[in-house]
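One structure is given below, encoded as structure tokens.
The values are calculated or read from the model by the stated rules, or taken from the named source; none is laboratory data. Values in this document were obtained by computation on a predicted structure and should not be read as measured data. So basically every Cβ, Gly included, is an ideal-geometry build from the backbone, and we count neighbours across all protein chains shown.
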Amino acid sequence: MMNLTLIDAFGRFGAKPASRLSSLSAMAADGAVVLNCLPAQFGHPARGVLRYEGRISASQAESRIATTLNEHLTQARDGSLPIRMIVSISGREKSGKSGGHHVRPDLVGKIVEFDGDHFVIDFTRPPAAHPAAAAARRR
């Protein structure tokens, strides 16, 4: 797991965040939404599914950043856009080490629910990322 800056983590997906320190989302060059996630908001509702759930109103982000997140989630919902994941780790969560960010290029998310505040995103591995599925297609 790499320990990247927020700018570098967004950059791995071809996105540039509006704020160097606190952006929650950005649009990637390929049209995907890149989402800055917190570990505490993940769950596992089913095998092979990593669910991220939260509320924009609970983000404690400045209003400009929260508004941008709302716009990006609305675009993802309305346009069925893929969502890419950055995970932000604070120093406390890494046993005293400085915080940082890492990316999960192996997972792609889809909006399951979004009402303008509460959102649910399910991340899964695309079929090509499953070695058994790729091997079956080659046969």
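What are the residues in region 35-49 that are free of Cβ contacts under 8 Å to residues at least 60 places away in the same chain and closer than 12 Å to residue 121 by Cα, if any? Passing the criteria: 37, 41, 42, 43, 44.
Of the residues making up region 77-99, those that are modelled with pLDDT of 90 or more and either assigned to a loop (DSSP other than H, G, I, E, B) or within 14 Å of residue 37 (Cβ to Cβ) (or both) number 9.
One residue stands out among those in region 15-56 that are of a type in the set (Ser, Thr, Tyr) and part of a loop (DSSP other than H, G, I, E, B): the one that is surrounded by the most Cβ atoms within 10 Å (Cβ to Cβ), which is 23. Checking residue 106 against (1) surrounded by 16 or more Cβ atoms within 10 Å (Cβ to Cβ); (2) assigned to a strand (DSSP E or B); (3) in contact with a helix residue (DSSP H, G or I) (Cβ under 6 Å, 6 or more places away or on another chain): exactly one of these is not met. Which one? So residue 106 meets the others, but not (1).
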